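Enquirer: Next up is a structure, given as structure tokens.
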């Protein structure tokens, strides 16, 4: 098949879901919307009655909302890793995945901001952060870092999409509503695929992929410091920032694998998201998982060896106590099983790697849970009043689902209107490849000629 | 005017830098105006008018067990500020000391000089008043509960639900010194009865103590009283081996404990 034919086929497959998505897709979208709507109703109740509708109290005052916030922050590193770090390291295989990764980043950051606002006792005073903001509060660092990263990520999502938006403008034509046509035209910024435009685009993408990395690392470090700047067992440790960055890479890659598996099936992208992509991301996943496991080990050993202060009480909650189930399951579910699935050749296929991804995506949420809750469960002082252990309430669960389902909904909606795989980039790769092959051939021919003399 | 694109960009960059970085430098070097007195005072280094401290004589405190009552400091706090169980601004706990001893330990807000809760507040709702007291402006608080996380003494609380104001407070004019009626979705803490001490009255917990175990004093003028006697403050601290709770954390608490019967001096009591 010539490059031209391949490109045409690619365009057709990529643009099909934009015109007429499948039935399953619509059902999925609707059920996510229902979950979000129920959560919003409960949230209205929370606004009226206060945070007392949740299971939180003065002892454990951060619960599912902050757990989910930390989780989303972690997920959001996916985009940076896949589309910036891999791009800079001269990889080319990741280009079909890069847009999915970038959209995950954007949606996760929006989800994180949403969870913080939901957690606030006085959401209507959100602007106080800008009016009365004080820079020595790590919370303010987080506001700055998350917004910078969100803005950068959206830009980094948009810029490489310009040629594809032009494609939508040119190819979709009457098959979509006039408003959408207008939006595509507007967003395409008059892209005509000229060599000059291409050169500029490549340059900007190159710059963005460098700029976005420190922003991504900053977000995760700063979020870690919200916890790390307190004087509490389990949080008061210097390893926290790098630990967050690694766990963010870990959960981010897992989320990309899961999203890839879903959109591959939903949009029929089997040809472009191949088993090769899954394997490469799978290796990356277990590499991150092992580093994460190592960080956990290093931290726990140094604490458990000395058992300073409250540490014994704290650690026994994990090893044998109330949170031990989740704690040990985490290592099984997020480190051992994925490693096994990747290392054993029989399961090193799309199904096996997707299962590994799903395990990690779920397991890391629970890991976040046992990051936030146990530390808060431990009283700093002997107290007169023993409060009941934290248990999330039903409204709290439902409100948390606004974030989780809303995150999935945002991603799904995005790909209803924009192509899931970067058509232009893939075609570009093909062109480069064939150019390389022809140049190699011509070199060979030249040798032949020389030899024949 | 002929400006090249490069110099225009450089100019914009410099303006951006000056608006973001310079204020940061100001704040790091301790010139942050908002950190003190809710933004009304100009400099954090300005001398405080008073430095209220509390001294708790552990020898005298028996948790009001001998009187067959609940700790009266807690009761006073509860009746003045309508505290509910589990959110007392002062807490009295029976703790175990060395050699099978037990003793009672009142744990109020320490009004730390280097207060972690003041540091982490993103909007300056928590601040040091002119007397060194740590107060919360419930009109500003966004309810993030970072201060609850920061406090190593667990003396920070949150209004989780809507509360009916008592008839008396319903018409009270709100001020951070007398933060009633309660405002849902905001943090709260001991105010060291700023509204009382202004008028020369003792804080409720100290006035309420039937044993005279708690002293209220001012480090600047070096006197303290428990309502029954007046003592030279620093001399008392020195003579009785005063210690501060969790001093190793560097929070510089403004509550001193006088040990006397088997306390692990300067260390945390065993639960």
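Enquirer: Residues in the stretch B:140-160: is at least one under 23 Å from residue A:229 (Cα atoms), within 14 Å of chain A (Cβ to nearest Cβ) and part of a strand (DSSP E or B)?
Expert: Checking the stretch B:140-160: at least one residue is under 23 Å from residue A:229 (Cα atoms), within 14 Å of chain A (Cβ to nearest Cβ) and part of a strand (DSSP E or B).
Enquirer: Would you point out which residue out of A:117, A:70, A:53, A:60 is out of contact with any strand residue (DSSP E or B) (no Cβ under 7 Å at 6 or more places or on another chain) and either more than 14 Å from chain B (Cβ to nearest Cβ) or without any contact (Cβ under 8 Å) to a residue 24 or more places away in the chain (or both)?
Expert: Result of the check over A:117, A:70, A:53, A:60: A:117.
Enquirer: Just to be sure, is residue A:338 touching a strand residue (DSSP E or B) at 6+ places or on another chain (Cβ under 6 Å) and either closer than 21 Å to residue A:60 by Cα or away from chain B (no Cβ under 14 Å) (or both)?
Expert: Here the answer is no, as residue A:338 does not meet what is asked.
Enquirer: Taking only the stretch B:103-125 into account, find how many residues are surrounded by fewer than 22 Cβ atoms within 10 Å (Cβ to Cβ) and more than 9 Å from chain A (Cβ to nearest Cβ).
Expert: The number of residues fulfilling the criteria is 4.
Enquirer: Taking the criterion of being out of contact with any strand residue (DSSP E or B) (no Cβ under 9 Å at 6 or more places or on another chain), surrounded by 13 or more Cβ atoms within 10 Å (Cβ to Cβ) and at pLDDT below 75, would at least one residue in the stretch B:32-40 satisfy it?
Expert: yes
Enquirer: Right, here's the next one. Sort through A:101, A:78 and tell me the only one that's assigned to a helix (DSSP H, G or I), away from chain B (no Cβ under 14 Å) and modelled with pLDDT under 90.
Expert: A:78
Enquirer: Tally up the residues in the stretch B:46-92 that are surrounded by 23 or more Cβ atoms within 10 Å (Cβ to Cβ), within 17 Å of residue B:195 (Cβ to Cβ) and at pLDDT below 90, please.
Expert: Going through the stretch B:46-92 one residue at a time, the tally reaches 0.
Enquirer: Within the group A:314, A:318, A:327, which residue is more than 23 Å from residue A:355 (Cα to Cα), surrounded by 14 or more Cβ atoms within 10 Å (Cβ to Cβ) and under 30 Å from the mean Cα position of the chain (by Cα)?
Expert: A:318
Enquirer: Here's something else I'd like to know. Evaluate the following for residue A:25: is it more than 14 Å from every other protein chain (Cβ to nearest Cβ), in contact with a helix residue (DSSP H, G or I) (Cβ under 8 Å, 6 or more places away or on another chain) and assigned to a helix (DSSP H, G or I)?
Expert: yes
Enquirer: Residues being modelled with pLDDT of 90 or more, over 26 Å from residue B:117 (Cα atoms) and not in a helix (DSSP H, G or I): count how many of those fall in the stretch A:232-273.
Expert: Counting residues in the stretch A:232-273 that are modelled with pLDDT of 90 or more, over 26 Å from residue B:117 (Cα atoms) and not in a helix (DSSP H, G or I) gives 0.
Conditions (1) at negative phi; (2) within 20 Å of the chain's Cα centre (by Cα); (3) at pLDDT 90 or above, marked per residue:
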site	(1), (2), (3)
B:161	yes, no, yes
B:207	yes, yes, yes
B:229	yes, no, yes
B:252	no, yes, yes
B:265	yes, no, no
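Enquirer: Which residues, taken from the stretch B:75-92, are within 11 Å of another protein chain (Cβ to nearest Cβ) and without any contact (Cβ under 8 Å) to a residue 24 or more places away in the chain?
Expert: B:83, B:84, B:85, B:86, B:88
The values are calculated or read from the model by the stated rules, or taken from the named source; none is laboratory data. Bear in mind that the values here come from a model prediction, so they are computed numbers and not experimental data. Backbone-built Cβ (ideal geometry, glycine too); neighbour counts: all protein chains shown.
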